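Written out below as structure tokens is the structure these notes cover.
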Amino acid sequence: MIYSTKPGRPQVAAIILAAGASTRFGQCKQLIDWRGKPLIAHVADVALEAELDPVIVVLGCQMDDTYAALGGRRVQKLVNWRWEKGQSTSVRTGLAAVPPQAQGALFLQCDQPLVSPDLLNTLVDRFRESEDSIIYPVHGSHRGTPVLFPRRFFSELASVTGDKGGRGLLKRHAEEAATVTVNDPDELSDIDTPADYELLRQLDAQTRGRSPASILRHLQHVVIDMDGVLWRGDQPLPGLEGFFEFLRRQDITFTLATNNASLTPDEYARKLAGFGVDVPLPTILTSALVVASYLADVAPPASSVFMIGEDGLQQALESEGFAIQNEDVDYVVIGWDRKISYQKLTTAALLIHRGAEFIGTNPDVTYPTERGPAVGNGAILAAVEAATGVSPIITGKPEPQMYEEALRRMGATAEATAMIGDRIETDIAGAARVGLTTVLTLSGISTADDVASSSIRPDVICDNIASLTALWEDALATA
């Protein structure tokens, strides 16, 4: 969609300043999670929804990652190669791209996630009424941002140096400014520290009705990881039977989706039966099934495969008609293998060097056991990647194929479905990207400290499935 100025409304460009290193915050704020997407993407969406034209994003620190986070949004992406010299360099970079027909520029910071399209529209409307004034929001005696500058101030803005931004200009031209009153001071809040971030997330959740109870009571389907959520090693986790009884009682459909390719669906079903839970085979989805389905779609007929893995992967590949052999193969497929050897790793590396395509079932570097995290498939992939210089294609979580197949099996929509997992970087990150609600259990790999230091924020966090069941039951009881 190309955004056009409404009749009678001045054309105002948005300049999103997203080049800084966020030194006080400790990581690149542009990339932290906000409502399931990178913060820079959220701010760009707000500007686009307000129909600012054009929307210009000035990149600098971690520019490649920030560029990628913007995806296919209709924004103009610029790089400020001198971003370390201060915010004024980003201001000049953005101003240089404002088209001549634009009457003003609205500067947005990348750390004000509660600024709304309504506020931006109100600032533009006030600009139209004010006869070419500087426009900024206020709450009480507090002056806030974003600030809208008319074109007549562009030259003076471009002469500012260092990190002063437009503060000095505003002071010099105070009599030429008009304001918009903001009733909620939180809307003007910015994120300087991790504590600020967590506070604004909580405020946002409350105002949007996104408490854990409100999230859970509307779910109709769940995708459930197994290792670290339902069990560790061969030990069931507390509340396993009660959790499945609850799902059946509430008629909530489920798919058991695991990155562990070592076992067959039959073996997983028998393992659950040993814990007192009977599940139909079609509810079990492994990364072995996903990688075999992927290869069946992309591989030419009669393709051959060298495999590192166990029975689950072998059965899945053979069921799709692939010949498994040790030389002259088209594909090298690697899944978790508890009998990994130097010979297997060497064969894989040599075949990849000869042109075989490199595919991994999943990137999990660890595997949760009763004794703690053990070596996972990601570590095996890393050894082969180091020896070949070739990165594998991944088909399991966090890539979308497994989530999409789970939704297809349940006849579910992403909006009515949650992912329950124990890994932030795979289960939770991948589910958020495809629009699922995310529930993290702290019973497997990711810890509370991992949550605190991660830019990815699950919608709900529970100690284990027993506490999740209790929280969910309470949510339904108070609906």
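The values are calculated or read from the model by the stated rules, or taken from the named source; none is laboratory data. What you are looking at is a predicted structure, and each value in this text was computed from that prediction instead of being measured. Neighbour counts are summed over all protein chains in view; Cβ atoms, including those assigned to glycine, are modelled from backbone coordinates with ideal geometry.
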Identify the single condition in (1) more than 30 Å from residue 198 (Cα to Cα); (2) acidic (Asp, Glu); (3) free of Cβ contacts under 8 Å to residues at least 12 places away in the same chain that residue 53 does not satisfy, given that it satisfies every other one. (3)
Considering every residue within the stretch 306-316, establish whether at least one is closer than 22 Å to residue 401 by Cα and touching a residue at least 60 places away in the same chain (Cβ under 8 Å). yes
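Would you point out which residue out of 137, 146, 150, 117 is under 19 Å from residue 48 (Cβ atoms) and surrounded by 19 or more Cβ atoms within 10 Å (Cβ to Cβ)? Spell out how you get there, then give the answer.
Details: 137 fails: under 19 Å from residue 48 (Cβ atoms); 150 fails: under 19 Å from residue 48 (Cβ atoms); 117 fails: surrounded by 19 or more Cβ atoms within 10 Å (Cβ to Cβ).
Among 137, 146, 150, 117, only 146 is under 19 Å from residue 48 (Cβ atoms) and surrounded by 19 or more Cβ atoms within 10 Å (Cβ to Cβ).
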Just to be sure before I move on: is residue 131 more than 30 Å from residue 460 (Cα to Cα) and either of a type outside the set (Val, Ile, Thr) or touching a helix residue (DSSP H, G or I) at 6+ places or on another chain (Cβ under 8 Å) (or both) in the structure I sent? yes
Got at least one residue in the stretch 176-184 being surrounded by 16 or more Cβ atoms within 10 Å (Cβ to Cβ) and at positive phi? no
Could you tell me whether any residue of the stretch 426-442 is touching a residue at least 40 places away in the same chain (Cβ under 8 Å), touching a helix residue (DSSP H, G or I) at 6+ places or on another chain (Cβ under 9 Å) and among the acidic types (Asp, Glu)? no
Looking at (1) exposed (fewer than 14 other Cβ atoms within 10 Å of the Cβ); (2) over 30 Å from residue 457 (Cβ atoms), which is the one condition that is false for residue 156? (1)
Here the residues within the stretch 175-200 that are small (Gly, Ala, Ser) and in contact with a strand residue (DSSP E or B) (Cβ under 9 Å, 6 or more places away or on another chain) are 177, 178
Odd one out for residue 352, checked against (1) surrounded by 18 or more Cβ atoms within 10 Å (Cβ to Cβ); (2) closer than 21 Å to residue 289 by Cα: (2)
For residues that are of a type in the set (Asp, Glu) and farther than 21 Å from residue 18 by Cα, scanning just the stretch 134-185, find the one that is modelled with the highest pLDDT. 156
Those residues of the stretch 295-328 which are crowded, with 18+ Cβ neighbours inside 10 Å and under 15 Å from residue 392 (Cβ atoms), in sequence order: 295, 305, 306, 307, 308, 309, 313
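Would you call residue 192 in contact (Cβ under 8 Å) with a residue 24 or more places away in the chain, farther than 30 Å from residue 315 by Cβ and surrounded by fewer than 18 Cβ atoms within 10 Å (Cβ to Cβ)? Reasoning before the result, please.
Working: in contact (Cβ under 8 Å) with a residue 24 or more places away in the chain: yes; farther than 30 Å from residue 315 by Cβ: yes; surrounded by fewer than 18 Cβ atoms within 10 Å (Cβ to Cβ): yes.
The answer is yes for residue 192.
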Does the stretch 202-222 contain any residue that is hydrophobic (A, V, I, L, M, F, W, C) and surrounded by fewer than 13 Cβ atoms within 10 Å (Cβ to Cβ)? no
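If I ask for residues that are in a strand (DSSP E or B) and either more than 11 Å from residue 381 (Cα to Cα) or not assigned by TED's automatic domain parsing to the domain that holds residue 377 (or both), which ones from the stretch 333-367 would you list? Quick ask: steps written out before the conclusion?
Going through the stretch 333-367, the residues in a strand (DSSP E or B) turn out to be 333-334, 357-360, 366-367.
Within the stretch 333-367, 357, 366, 367 qualify.
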Return a yes/no flag: does the stretch 27-44 have any residue that is assigned by TED's automatic domain parsing to the domain that holds residue 121, of a type in the set (S, T, N, Q), part of a loop (DSSP other than H, G, I, E, B) and closer than 20 Å to residue 188 by Cα. no
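Residues are listed down the side, and each one gets a yes or a no for (1) at pLDDT 90 or above; (2) of a type in the set (Phe, Trp, Tyr); (3) in contact with a Phe, Trp or Tyr (Cβ under 9 Å, 6 or more places away or on another chain):
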| position | (1), (2), (3) |
| --- | --- |
| 77 | yes, no, yes |
| 83 | yes, yes, no |
| 92 | yes, no, no |
| 95 | yes, no, yes |
| 98 | yes, no, yes |
| 106 | yes, no, yes |
| 120 | yes, no, no |
I'd like to verify a number: residues in the stretch 88-97 that are crowded, with 22+ Cβ neighbours inside 10 Å and either part of a loop (DSSP other than H, G, I, E, B) or touching a Gly at 6+ places or on another chain (Cβ under 8 Å) (or both), how many? 2
Would you confirm whether or not the stretch 58-80 contains a residue that is in a strand (DSSP E or B) and among the basic types (Lys, Arg)? yes
